[in-house]
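The values are calculated or read from the model by the stated rules, or taken from the named source; none is laboratory data. Just so we're clear, the structure is a prediction, and the values are computed from it rather than from any experiment. A quick note on method: Cβ atoms are made from the backbone with ideal geometry, for glycine too, and the neighbour counts reach across all protein chains shown. The accessibility values were calculated without ligands, DNA or RNA, using every heavy atom of the protein model including side chains. Shrake-Rupley method; radii C 1.70, N 1.55, O 1.52, S 1.80 Å.
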Protein chains: 2
Amino acid sequence: MSFKEQLTAWARQVDEALHNYLPPADAYPAVLHEAMRYSVFAGGKRLRPILVLAAAKAVGGNTDKIMPVACALELIHTYSLVHDDLPAMDNDDYRRGRPTNHKVYGEATAILVGDALLTLAFELVARCGEDCPPAAVNRVAREIAQAAGSRGLIGGQVVDLLSENKQIESSVLEYIHRHKTGALFRAAVRAGAILGGAGEAQLAALTTYAEQMGLAFQIKDDLLDIEGDEAKIGKPVGSDIKNQKVTYPSLYGLDGARRMADEAAREAVTALNIFGPEAEFLRLMMHFIINRDH
Amino acid sequence: MSFKEQLTAWARQVDEALHNYLPPADAYPAVLHEAMRYSVFAGGKRLRPILVLAAAKAVGGNTDKIMPVACALELIHTYSLVHDDLPAMDNDDYRRGRPTNHKVYGEATAILVGDALLTLAFELVARCGEDCPPAAVNRVAREIAQAAGSRGLIGGQVVDLLSENKQIESSVLEYIHRHKTGALFRAAVRAGAILGGAGEAQLAALTTYAEQMGLAFQIKDDLLDIEGDEAKIGKPVGSDIKNQKVTYPSLYGLDGARRMADEAAREAVTALNIFGPEAEFLRLMMHFIINRDH
């Protein structure tokens, strides 16, 4: 299977699994379950669940058994977007070219949709204990919660909000992205690796891969906001500049940011040197992320 | 130790543990961690964690080892209050006589405080896997997530919001309370029982206890809103009537509601008949809840 075929196949499997794990759209109370599905099936690229599966495969693990954990990462990502878009936060009306959750279902429901997706994520992680060693599942649950928590993703969002319209230093920018984006990528890769039975050296290598990949991903995101195609990224180009947001390009210039992204991508791939062909998907994934157009 | 002494001792232990589990108030980003502590240390009675401990004790389990799970239940309860109080939801300015979280820290932070408390709750449950059988911890994590999720606590809140200013039927009122309040009480008791090593008959008896106790608790809450002492309950008496909220007293009358609460309390205690003195605390707890003045 080519990289693109594997990517598409896993994305489809994740979508199917999410359909099964989410309560039916007409389950009582229907407005809540319909609204949960609205944001989960909104055209996400499923990068985080695919990273869970790819990391497990790289260490020779079974990818079917860890599907609940893969989907949990996508639910946490989705909940964070739904809450970030709220009027009290970033106040965004559109996401991936569609009205945001609260524009369709109202603020109260959107808050509860986020809460419910986050809660379901941890239900799915726990459910994985049926097919995977329970102690490993507990370890993974703990790491995912830390990555998503007040010293992870949520901490990153708080500092991001505090930094609005401020000239921040590079260390703060780095904090925001390492926590708001990086932590969940890292948890995804580590979860797949741990559940797949990684040894310590493998886990360390994959952790470096994830950290550098998360950085490259974020810089690329900033670059797309300047150089991207509006129709493809699903939101207006130049919104960071308009909102006076400090980004990698605004701090380091376009060329400087591009160099940083390339360097991070190279380090990510280098970290995989201890692996053979079983990590080829992860290598190509890094290329895919750095060359994506949306 | 008398009931009151045990109640106070456990509440103090829970408070101490919460102090240890929550990130320090000055941990970065400090505003978030300070705001988390503001709502967690707001004079809660710690009923849910105490139920976890008491249920474990009733089946001969170790209460120290399950403290993380006990605290997790309190964090979930607190997160639900912080989100329920938001302007988009119940829009409450006061809770237990103090300004609500969003009145002090703003809406964005209050949303993130709730998210962070919910996430920390699942981190604590997973952490319990260090001292308790990991498979039991997974089972408990799953039950707690279900109780807190879209077909539990969150579903109850959605239906509650949908029912505002409407004349609802008794079946809807029952749905709201069984999910919004009852589910978490039930999960608390079952978590303590499962981690304490309960047999199937014990678990079934404790589940009945929890369900009837949750109902009695809710009816008592409704009654306090009519008959209570404002200074003691920390909010204006009569707010349900003012907000035209359907409650047990509004549907069944004061006497009818009192009878229902007494009946539920009696059934709760009857369910404990298979236990000896090891469940005495739970019996007295039922009396405490039905006779409380706040």
For the protein assembly as shown, with all protein chains present and a 1.4 Å probe, just round the carbon and sulfur fraction of the accessible area to a whole percent.
49
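Other chains' Cβ within 10 Å of B:22-30 residues: what's the mean? Provide the component values of the computation, followed by the final result.
Values: counts 1, 4, 0, 0, 0, 3, 7, 13, 1.
For peptide B:22-30, the averaged partner shielding equals 3.
Using a ≥ b ≥ c from the Cα gyration tensor of segment B:3-291 (square roots of the eigenvalues), is it rounded, prolate or oblate, where a/c under 1.5 gives rounded and otherwise the larger of a/b and b/c decides, a/b for prolate? Could the numbers behind the result be given before it?
Numbers: a/c = 1.63, a/b = 1.05, b/c = 1.55.
Oblate is the answer for segment B:3-291, as a/c is 1.5 or above yet b/c matches or exceeds a/b.
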Anything over 31 Å Cα to Cα? Flag those among A:Lys180/B:Lys166; B:Lys4/B:Lys220; B:Lys103/B:Lys232; A:Lys4/A:Lys103; A:Lys45/B:Lys166; B:Lys45/B:Lys242, in the order listed.
A:Lys180/B:Lys166; A:Lys4/A:Lys103; A:Lys45/B:Lys166
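Only loop residues by DSSP count here, and only those with at most 13 other Cβ atoms within 10 Å; note down the trypsin sites (Lys or Arg not before Pro) in segment A:186-221 that meet that.
Those that pass, being in a loop and sparsely packed, number zero.
Counting only other chains, what is the mean number of Cβ atoms within 10 angstrom of the Cβ of each residue in peptide B:121-131?
That works out to 6 on average.
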Members of segment A:143-188 that become less accessible by 50 Å² or more once partner protein chains are added (1.4 angstrom probe, chain alone as reference):
A:Ser150, A:Arg151, A:Ile154, A:Val158
Farthest towards the positive end of the dipole of the protein assembly as shown, among B:Phe288, A:Leu284, B:Val104 and with Cβ unit charges of +1 on Lys and Arg and -1 on Asp and Glu, lies the Cα of A:Leu284
Considering the dipole of the protein assembly as shown built from charges on the beta carbon (Lys and Arg +1, Asp and Glu -1) around the Cα centre, which of B:Ala27, A:Thr208, B:Tyr38 is farthest to its positive end?
A:Thr208
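What order do B:Tyr94, B:Tyr38 take when sorted by accessible area (1.4 Å probe), most exposed first? Walk me through the intermediate numbers first.
Values: B:Tyr94 145, B:Tyr38 40 Å².
The ordering from most to least exposed comes out as B:Tyr94, B:Tyr38.
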Between A and B, buried accessible area summed over both sides at probe 1.4 Å, in Å² to the nearest 100?
4000
Probe 1.4 Å - accessible area at B:Arg142, Å² to nearest ten
60
Would you calculate a helix-derived [θ] at 222 nm for chain A, using -39,500 (n - 2.57) for each DSSP H run of n ≥ 4 and dividing by the full residue count, to the nearest 500?
-22000 deg cm²/dmol
Give the accessible area for B:Ile226 in Å² (nearest 10); use a 1.4 Å probe, count only protein heavy atoms, and leave out ligands, DNA and RNA.
60
Using Cα-Cα distances under 8 Å and only pairs 6 or more residues apart, what relative contact order does segment B:135-231 have, in percent?
30
Partner chain Cβ atoms within 10 Å, averaged over the residues of B:70-83 - can you pull that number for me?
1
Given the C-alpha centroids of segment B:1-76 and segment B:230-276, what is the distance between them in whole angstrom?
25
So what is the relative contact order for chain A, in percent, with contacts set as C-alpha pairs under 8 Å and at least six apart?
20
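Based on the Cα coordinates of segment A:38-163, what is the per residue volume of their convex hull in Å³? Present the calculation step by step, with values, prior to reporting the outcome.
Values: hull volume 13.9 nm³, N = 126.
It is 110 Å³ per residue.
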Copy-to-copy spacing for A:Glu164, label 7 Å out on the Cα-to-C-beta vector, in nm, shortest first?
2.3
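Over segment B:1-121, what is the mean sequence separation of C-alpha contacts under 8 Å (at least six apart), divided by residue count, expressed as relative contact order in percent? The partial results should precede the final answer.
Details: 126 pairs, mean separation 32.7, N = 121.
Here the relative contact order equals 27 percent.
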In the full protein assembly as shown, how much of B:Glu211 is accessible to a 1.4 Å probe, in Å² to the nearest 10?
90
With every protein chain kept in place and a 1.4 Å probe, segment A:3-291 has an accessible area per residue in Å² of 39
